[in-house]
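Novice: Take this structure first; my questions come after.
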């Protein structure tokens, strides 16, 4: 039991929030490792629930989760920065616009990327912020 508790304490966690299940499955497969657990959510409410229950070193969120042009992912960015300021938020979006970029960064996002985004690029960013070892 103590061994399992020790493993849980050293494992890092990532939350992926995107309304496209195929993206969640692909990113989860590529980002999961022995040292990193990846949780997923397809809605803002599910993401907020997970954030209340678990600490995440990084949160990767699609800016538009509802399938519309509404920037509901911004709620997640603001929630993370209020709840856990040390957590890094990477925002993905199909809408690259300087005003949107400024709003997202001002809300506390670590990075703003235009889709499509390679999971390998995201993994490199996660290495930069210390989620993965740099070996």
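Values quoted throughout were computed directly from the atomic coordinates according to the rules given, and no laboratory measurement underlies them. Predicted, not measured: the structure shown is a model, and the values here were computed from it. Quick reminder, even Gly has a Cβ in these numbers, built from the backbone with ideal geometry, and neighbours come from all protein chains shown.
Novice: Which residue is surrounded by the fewest Cβ atoms within 10 Å (Cβ to Cβ), if the candidates are limited to the stretch 110-129 and must be touching a residue at least 40 places away in the same chain (Cβ under 8 Å) and assigned to a helix (DSSP H, G or I)?
Specialist: 120
Novice: Just one of the numbered conditions (1) surrounded by fewer than 16 Cβ atoms within 10 Å (Cβ to Cβ); (2) closer than 18 Å to residue 13 by Cβ is not true of residue 132; which one?
Specialist: With (1) surrounded by fewer than 16 Cβ atoms within 10 Å (Cβ to Cβ); (2) closer than 18 Å to residue 13 by Cβ applied to residue 132, the lone miss is (1).
Novice: Of all residues in the stretch 89-109, count the ones that are touching a strand residue (DSSP E or B) at 6+ places or on another chain (Cβ under 9 Å), part of a loop (DSSP other than H, G, I, E, B) and surrounded by fewer than 19 Cβ atoms within 10 Å (Cβ to Cβ).
Specialist: Total meeting the criteria: 4.
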